[in-house]
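Scroll down for the structure; my scribbles are underneath it.
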Amino acid sequence: MSIASLSRYDTETAANIVAAAMMQLAPDPDVGDKPTVVESYAHEAADLLAELKSSVQSSRAGQAHPDIAVGNILSRELGSLLMTDESRAEALNRAGQSGRLPPSLYKVVQPSAFRQRFARLGVKKDDVSLTINSPSEVEHLLTDDVVPEARETHSIFMRSFRPGRKGPPYWLLVLTQRLGIEQNVQSAWRVYDSEVNLASAERPSDVLRAFVDVYGVEICIDEQCGKYISSETADIDGFKVKIFQPHNMEVFASFAHSARSDGKKYLVGMAFCINMTKYAAMLSRKGA
Amino acid sequence: MPRLCAFGVRYNGDYVTGLSLPNSAATVPVYSRNPPLLLWSTNTWFKYRIQQDFFGGVHYVWCSPEFEGAKLGKYALSSSQPPSSDPCTIYRQLKHAVSNGDEHDPKIESQRNTLSALAQSYHAENSISDLDRDEILAMIAKSTVKDWRPLIFVIPFATVSGRVELVARSRRASHEPEYIIKDLSDGEFRIIEPDGVS
């Protein structure tokens, strides 16, 4: 800890005093009633604030916004009291895996296989990163309270793009797999509302279903068949995949599986198969 | 001479005027005959996510019966709402800070510091775990200015009428009414983000 006057306290007490001092700076926190630490450590917090305010008076930041300058000192102190660089990284990984991390903090990973496949469909690397880090909509498919082996780790990001003279507006739909703070991109699709009926879509997964309804072909996993199979509804015991692919049709199949503790495989996220020939023809018409 | 309100506040079943308004928050709002259709509140995206993900989806909001007091007639209620309490002004200030990448905007800094303090405080009260506290602190430390972009909450009054609390005058920025809803939950409000993401 860098504030000498706090050295007489144990870490948790020092952290509570710092928190109480920070709350005293905010007359009304705007996020909740004042917690009990404010009362419990009122004197210690007041002393700490007086000490810090006198030391920031001479600084430029302190003159402009003295309370903010003191608040920042306290915030840094709180962070250093409670966390190390390792614990901070662990915390961010946990938040990222569970889908709680703000989109801007995810690291976007675009594997070479993804780039090779989708670059020729007009999907730009920067557009994918922008969609993930600054989405219009995001949906994290997760079951945080289910046993780890059954957790879903997929995310769907959407962002609106308006190319102007280069073409009509569209939604870029990006599907990823989360691993800590990394979003590993699996596929990226342009969804034009002139081609896909989005009238009843309320969330990105609805948009994906509507898109697959237009461009999908049937996929079977064991006895479950359909254009779109969700692990929420699929009752899959083994994992045999069948795709009905006519001649002269290029397809892109998306599915993921993991293994239970008994060794049996199960579907993770969703499974679908896109008629790439039909999709590419549509993109060509749109000037993509 | 205290300002005499043009309407009464119903407190414990009796109509009282602004002259005898008790200091503690009344649990029934000011409007006796014409309650507002909507209440407005401007909050940051990050605060919204923290309350959604870590505090059980229960939102503590300050709100106003008008979105932009300056647009009202001179003598209308809320017409002289000060900037610090006016949802529209707060929205514009935050939007300006975010658009200009001003990570040192006082409002954003204040919320950042307050949320950090609350995370430790709630942990001290055993309201959240140490893992959740650490996640909140780590995310705040790493947050970008865009994570503090403003959101407008639109709250149908009828949904929350029994739980809206009039803020005591000593805590308000002016004589204009301000309200607190301590337990606003999903489904009771809609969010507007006028300019979308940038």
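Values quoted throughout were computed directly from the atomic coordinates according to the rules given, and no laboratory measurement underlies them. What you see is a predicted model; the values in this text were computed from it and never measured. Please note: Cβ atoms are built from the backbone with ideal geometry, for glycine as well, and neighbour counts cover all protein chains shown.
With R₀ set to 35 Å, the beta-carbon distance separating A:LYS278 from A:GLU182 gives a calculated FRET efficiency near 0.65.
Quick note on region B:119-187: its Rg to Rh ratio, both from C-alpha atoms and Rh being the Kirkwood radius, is 1.06. Only Lys, Arg, Asp and Glu carry charge here, each on its Cβ (+1 for the first two, -1 for the last two); on that basis region B:129-185 has a dipole of about 280 debye about its Cα centre.
A simple spin-label model places pseudo-atoms 7 Å from Cα toward Cβ; at A:SER194 and A:ASP206 they are separated by 2.4 nm. An oblate overall shape is assigned to region B:82-198, the ratio a/c of its alpha-carbon gyration tensor axes (a ≥ b ≥ c) being 1.5 or greater and a/b not exceeding b/c. Here the scattering of region A:90-213 is modelled by Debye summation over its C-alpha atoms, one equal scatterer each and no solvent; at q = 0.15 Å⁻¹ the log10 of I(q)/I(0) is -0.69.
A simple count of charges around A:VAL214, restricted to other residues whose Cβ falls under 11 Å of its Cβ and scoring Lys, Arg +1 and Asp, Glu -1, yields +1. Simple spin-label estimate for A:HIS247 and A:SER136 gives 4.1 nm between the two label positions (7 Å along the Cα-to-Cβ direction from each Cα). So, counting K/R as plus one and D/E as minus one, what does the shell of residues with Cβ under 13 Å around A:ALA89 add up to? Its environment carries a net charge of -2. About the centre of its Cα atoms, region A:153-244 shows a dipole size close to 680 debye [charges on the beta carbon of Lys, Arg (+1) and Asp, Glu (-1) only; nearest 20 debye]. The amide H of B:LEU151, built 1.01 Å from its N in the peptide plane, has B:ASN43, B:THR44, B:TRP45 as neighbours under 5 Å, considering only residues 5 or more places off or on other chains.
Charge tally for A:ILE274 (other residues, Cβ to Cβ under 14 Å; Lys, Arg +1; Asp, Glu -1): +1. Once the C-beta distance of B:ASP186 and A:CYS220 is scaled by a Förster radius of 45 Å, the resulting FRET efficiency is 0.75 to the nearest 0.05. Relative protection proxy for B:145-156, A:109-120, B:180-191, from highest mean packing down: B:145-156, B:180-191, A:109-120 (other beta-carbon atoms within 10 angstrom). Listed values for region A:156-171 are Karplus-derived 3J(HN,Hα) couplings in whole Hz (6.51 cos²θ - 1.76 cosθ + 1.60, θ = phi - 60°), namely 10, 10, 9, 8, 7, 10, 10, x, x, 5, 7, x, x, x, 8, 9, and x replaces Gly and Pro. Taken over the alpha carbons of region A:150-201 as equal point scatterers, the Debye sum produces base-10 log I(q)/I(0) values at 0.20, 0.26 Å⁻¹ of -0.78, -1.00.
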